[in-house]
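In what follows, a structure is listed as structure tokens, so that the remarks can point back to it.
The values are calculated or read from the model by the stated rules, or taken from the named source; none is laboratory data. Not measured: the values here are computed from a predicted model. Here the Cβ positions follow ideal geometry from the backbone for every residue, glycine too, while neighbour counts run over all protein chains shown. Remember, those area values only see protein heavy atoms, side chains included, never the ligands or the DNA or RNA. Shrake-Rupley method; radii C 1.70, N 1.55, O 1.52, S 1.80 Å.
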Amino acid sequence: MKFKCVNEMEQICFDDSEISEFRMQEKQMEFTFDGAMIKAGNSQNARLQNMYCNTIILQLENAEVVRVMKEGMKYYDADGNLQKEIPDEDVPAPAQTAVFKRIAKGKIFTVVTAKADSGYAYEFGIDVPREDDEEETDTFWLCVICEKTVAAWERYSSPAES
């Protein structure tokens with residue numbers, strides 16, 4: 001890849017990026033995204049303006065999944081009265097593999113970053129098409145800690161609109 005940055009997650013915007021591939025092997029997690037935005041402050045962005053890139057590969061090294069959560073929801077009638085509430089649900093370790101397979105068809109809506117005791121902590125908010133109805137989505141939160149992130153991409157596609 002032509003461009004590569006290390007530990008610059010705050011300089012990349014993954015909001016609304018489609019996940020085209022997701023892999024988790026041992027302590028290595030890898031996403032392939034379409035449509036991420038490289039911010040003007042990124043060390044690899046010489047244009048000094050936010051730029052889209054077509055495909056970006058994000059590797060989380062020495063990664064550990066801390067939590068996978070399926071977000072709950074509330075259903076209201078037309079008058080605003082709560083009809084039904086589905087609570088958030090932690091996905092147990094044995095069921096996480098099935099969620100990881102589904103994530104490969106998902107879309108990131110946010111990435112929350114924080115410094116951890118050792119390395120970095122990230123929460124990926126991911127909308128995934130439901131298995132029984134692709135028009136509907138399930139929302140998962142993938143919480144990960146890792147020692148290092150490496151993002152790599154081949155080219156920029158266009159400036160982001162301000």
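Where the second residue is hydrophobic (A, V, I, L, M, F, W, C) and assigned to a loop (DSSP other than H, G, I, E, B) and the first is in contact (Cβ under 8 Å) with a residue 24 or more places away in the chain and lies in the range 69-87, which pairs have Cβ atoms under 9 Å and are six or more apart or on separate chains?
Going by the 9 Å Cβ cut-off, the qualifying pairs are MET69/VAL91; LYS70/VAL91.
Yes/no matrix, rows are residues, columns are (1) open to solvent by 60 Å² or more (accessible area, probe 1.4 Å); (2) of a type in the set (Lys, Arg); (3) in a loop (DSSP other than H, G, I, E, B):
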{"position": "GLU10", "(1), (2), (3)": "yes, no, no"}
{"position": "GLU21", "(1), (2), (3)": "yes, no, no"}
{"position": "THR32", "(1), (2), (3)": "no, no, no"}
{"position": "LEU48", "(1), (2), (3)": "yes, no, yes"}
{"position": "GLN59", "(1), (2), (3)": "no, no, no"}
{"position": "VAL65", "(1), (2), (3)": "no, no, no"}
{"position": "VAL68", "(1), (2), (3)": "no, no, no"}
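From the list LYS27, LYS39, which one is surrounded by fewer than 18 Cβ atoms within 10 Å (Cβ to Cβ) and under 27 Å from ARG102 (Cα atoms)?
LYS27
Could you grab the pairs with beta carbons closer than 6 Å, sequence gap of 6+ or different chains, first residue in the range 4-15 and closer than 18 Å to THR32 by Cβ and charged (D, E, K, R), second one in a loop (DSSP other than H, G, I, E, B) and open to solvent by less than 50 Å² (accessible area, probe 1.4 Å)?
Short answer, once both residue conditions are applied: GLU8/ASN42.
Does the range 79-117 hold any residues that are among the small types (Gly, Ala, Ser) and surrounded by 10 or more Cβ atoms within 10 Å (Cβ to Cβ), and which are they?
ALA95, ALA98, ALA104, GLY106, ALA116
GLU131 is checked against (1) touching a residue at least 24 places away in the same chain (Cβ under 8 Å); (2) surrounded by fewer than 15 Cβ atoms within 10 Å (Cβ to Cβ); (3) in contact with a Ser or Thr (Cβ under 8 Å, 6 or more places away or on another chain) and fails just one. What number does that condition carry?
Only one criterion in (1) touching a residue at least 24 places away in the same chain (Cβ under 8 Å); (2) surrounded by fewer than 15 Cβ atoms within 10 Å (Cβ to Cβ); (3) in contact with a Ser or Thr (Cβ under 8 Å, 6 or more places away or on another chain) is unmet by GLU131, namely (3).
Take the residues of the range 1-59 that are of a type in the set (S, T, N, Q) and closer than 20 Å to TYR120 by Cα: which is farthest from the chain's Cα centre (by Cα)? Steps first, answer last, please.
Filtering the range 1-59 down to residues of a type in the set (S, T, N, Q) leaves 7, 11, 17, 20, 25, 28, 32, 42-45, 49-50, 54-55, 59.
From what is left, the residues that are closer than 20 Å to TYR120 by Cα are 7, 11, 25, 28, 32, 42-43, 59.
Working: ASN7: 15, GLN11: 14, GLN25: 17, GLN28: 15, THR32: 10, ASN42: 18, SER43: 21, GLN59: 12 Å.
Once the filter is applied, the top-ranked residue is SER43.
Can you find even one residue in the range 15-22 that is aromatic (Phe, Trp, Tyr) and over 29 Å from PRO159 (Cβ atoms)? Let's see the steps before the verdict.
Step one: of the range 15-22, the residues aromatic (Phe, Trp, Tyr) are 22.
Subset that is over 29 Å from PRO159 (Cβ atoms): none.
No, there is no match, as no residue in the range 15-22 is aromatic (Phe, Trp, Tyr) and over 29 Å from PRO159 (Cβ atoms).
In this structure, does ALA95 turn out to be under 24 Å from GLU136 (Cα atoms) and either part of a loop (DSSP other than H, G, I, E, B) or small (Gly, Ala, Ser) (or both)?
Taking the combined requirement at face value, the residue satisfies it.
Pairs please, first residue from the range 135-162 and part of a loop (DSSP other than H, G, I, E, B), second anywhere and open to solvent by 50 Å² or more (accessible area, probe 1.4 Å) and of a type in the set (A, V, I, L, M), Cβ atoms under 6 Å, 6+ apart in sequence or on different chains.
Correct list of pairs: GLU154/MET1.
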